[in-house]
Amino acid sequence: MNSTANDLPELQIDTSLTSPLGVAAAQRALDYYLKPAVSEEVAEPRFFNVNRNISGEEALLYASDLLRCAAATANESANHLQGAERDLAFSTVHMIDMARAMVDRSLEGYENG
C-alpha cells in the first residue's frame, strides 16, 4: 500500500512562537545548537585526594600543619648548606612561613565567626 502526502493527517504546528509550547521548543532548539555542551568534570588522576566531607576550617588546620612541617624540613636542610644554596633554601623557608601566616590568618575568621 502506497501512501502519499495527502494521506497523512494534518498537524497544526504553531510557528508563531507565542504559545508556551512554541517558546519552550524554540528555547530547547537554541540551547541545543548554541550553548556549549555541559560535561562532567574530567577527573585528573591524583596521588593524593582531599576528603570532600572535610570542613574549610579542618582543611586550613591541616594545611597549616603541613606548612609547619615543610618549613622545618627546609630550615634543617638550609642549615647544612653554604653560600647561594643556603640563601635559596632559607628563601624557601621564608615563603613557607608567609604562606602559613596567611593560612593561620584565615583560621582566625573561623574563631571569630
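The values are calculated or read from the model by the stated rules, or taken from the named source; none is laboratory data. Remember, predicted model here, so these are calculated numbers, not experimental data. Positions of Cβ are generated from backbone atoms using ideal geometry, with glycine treated the same way; all protein chains shown enter the neighbour counts.
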Mind checking which residues of the stretch 76-89 are part of a helix (DSSP H, G or I) and surrounded by fewer than 16 Cβ atoms within 10 Å (Cβ to Cβ)? Glu76, Ser77, Asn79, Gly83, Ala84, Glu85, Arg86, Asp87, Leu88
Any residue at all in the stretch 87-99 that's within 24 Å of the chain's Cα centre (by Cα) and modelled with pLDDT under 75? no
Give the residues of the stretch 97-113 that are closer than 17 Å to Ala70 by Cβ and free of Cβ contacts under 8 Å to residues at least 40 places away in the same chain, sorted by residue number. Asp97, Met98, Ala99, Arg100, Ala101, Met102
